[in-house]
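The values are calculated or read from the model by the stated rules, or taken from the named source; none is laboratory data. Note that the structure is predicted; figures quoted are calculated from it, not measured. Here Cβ is always computed from backbone atoms with ideal geometry, including for glycine, and neighbour counts include all displayed protein chains. Calculation scope for accessible area: heavy atoms of the full protein, side chains included, ligands and nucleic acids excluded. Shrake-Rupley method; radii C 1.70, N 1.55, O 1.52, S 1.80 Å.
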Amino acid sequence: MADYTMYGSDMSYFSGKARAYLRWKGIDFTEVQPTPDVMQNVIIANVGWPVIPVLKTPDGRIVQDTADIIAEIETAKPSPAVMPEGGVQRFVSYLIQLFADEWLLIPSMHYRWHYNEDWIFGEFGKFAAPNGSPEEQYEAGKTAGQRFQAFVPLLGVSEVTIPGIEASYEALLSDFSAHLERHSYMFGERPSFADFAMTGALYAHQYRDPYTGDLMKRIAPRVADWVERMIAGEPGKGDLLGDDAVPDSLLPILQRQMVEQLPVLEATNAMLGQWAKDAQPQEELPRGFDMTPFTTGGVSGVCMARTFSLLRLQSALDALDALTPEERAQADAMLDRVGGGALKTLKLEARLERRNYLLCLA
Ligand SMILES: N[C@@H](CCC(=O)N[C@@H](CS)C(=O)NCC(=O)O)C(=O)O
């Protein structure tokens, strides 16, 4: 029997992130699909709400959230370390996680539900009605999938914003392709933390869903090749860049993050401040506050101010605060170059933590 069990699915964004990481790390694990029985008796029974991926450790503990899964494994098996040693590379790794986990959900959910709807209902059906006929699977899959489809408008996807979402995603593919011309992975010649986060954003929806996968292979074959290497768990052929260097070719990606995601994070943080005034100590946060304006690919709309993004932002700000003065000067200069100067002084209105698999005030 394998040491670890990962409850996850090939069509799930965050399962792609965890799976690629576990393979790269050389972890002995089996992946168990979230059938209704598993969902009820393992996931909801332990975590309290329906979510994947979930990791069961050899001593029977249940870990949810990809960042916690990675931290758990890094403690159990420190080598090879997923996180770069250099402080600035670490900070950028957390920024990329914030972007990949929280912002690139927008194009992923748009493409899945706009171009791959029938196919994905069929995929949901394979878990919802494993023994059903194709028609029964489709119907069961539709019921299961509609829960996720309901998130699409909350992410700001609308007829008005779709051209901007697609323009922004295609520009990201182009920027990432240009980076991959020079480096095999985000920070050099082997995968690290940021690559795994980006795998979540670029595998299940954008590579594996048929329409979107064809698009990636056509306009960004180098990115498709990187996805294939990541999901295979390839160790890489060398090391990370020395001198804590952040490749210039990553800067356009960070620049897009600062233009598009940072204003939403600032607005969400302001809403946290208001909400926290009346909250009880350690209270659980709502999943979202109000709808808030956002711009992507030059087009504006409104999206929900999602609270989980602030936890990922907190990790990045903690990494920034932990830098030595020399590293900090390097990080500040980089933030100025990418239009992220506001991050230098940004403080979260309240400290957050996950308790009992829920996002709470610390
Ligand atoms: N932040 C979590 C997100 C996990 C997540 O959102 N998983 C999706 C599938 S890819 C899910 O099950 N969502 C259900 C929900 O959000 O209600 C992580 O990094 O693990």
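Restricting the trypsin sites (Lys or Arg not before Pro) of the stretch 254-290 to loop positions (DSSP other than H, G, I, E, B) with no more than 15 neighbouring Cβ atoms within 10 Å leaves 287. The charge dipole of the chain, taken about its Cα centre with unit charges on the Cβ atoms of Lys, Arg (+1), Asp and Glu (-1) only, comes to about 140 debye.
Solvent-accessible surface (1.4 Å probe) assigned to residue 215 amounts to roughly 10 Å². How would you classify the chain from its alpha-carbon gyration tensor, with a ≥ b ≥ c the square roots of the eigenvalues: rounded for a/c under 1.5, else prolate if a/b is greater than b/c, otherwise oblate? Taking the square roots of the gyration eigenvalues as a ≥ b ≥ c, the chain is rounded.
Local charge for residue 141 was computed over the other residues whose Cβ lies under 15 Å away, with Lys and Arg +1 and Asp and Glu -1, and equals -4.
Of the cross-linked pairs 277/347; 237/344; 56/142, those separated by over 23 Å at the C-alpha level are 237/344; 56/142. Springs join every pair of Cα atoms under 10 Å in this Gaussian network model of the chain, and among 229, 337, 190 the largest mean-square fluctuation is at 337. Dividing the helix sum by the residues of the chain, where each DSSP H run of 4 or more adds -39500 (n - 2.57), gives a mean residue ellipticity at 222 nm of -16000 deg cm²/dmol.
Summarising the amide proton neighbourhood of residue 307: residues at separation of 5 or more, or on other chains, whose placed amide H is nearer than 5 Å comprise 288, 289.
Under a Gaussian network description of the chain, with springs only between Cα atoms under 10 Å, the residue in 112, 90, 328 that fluctuates furthest is 328. A cut-off under 10 angstrom between Cβ atoms defines the neighbours of residue 53, and their net charge, with Lys, Arg +1 and Asp, Glu -1, is 0.
Protein heavy-atom accessible surface, 1.4 Å probe, per residue over the chain: 41 Å².
Rank 157, 88, 299 by mean-square fluctuation in a GNM of the chain with C-alpha springs under 10 angstrom and give only the top-ranked residue. It is 299. Subtracting the Cα-Cα distance of residue 148 and residue 178 from their residue separation scaled by 0.36 nm leaves 7.5 nm. Rolling a 1.4 Å probe over the protein heavy atoms of the chain, with every protein chain left in place, gives an accessible area that is 52 percent carbon and sulfur.
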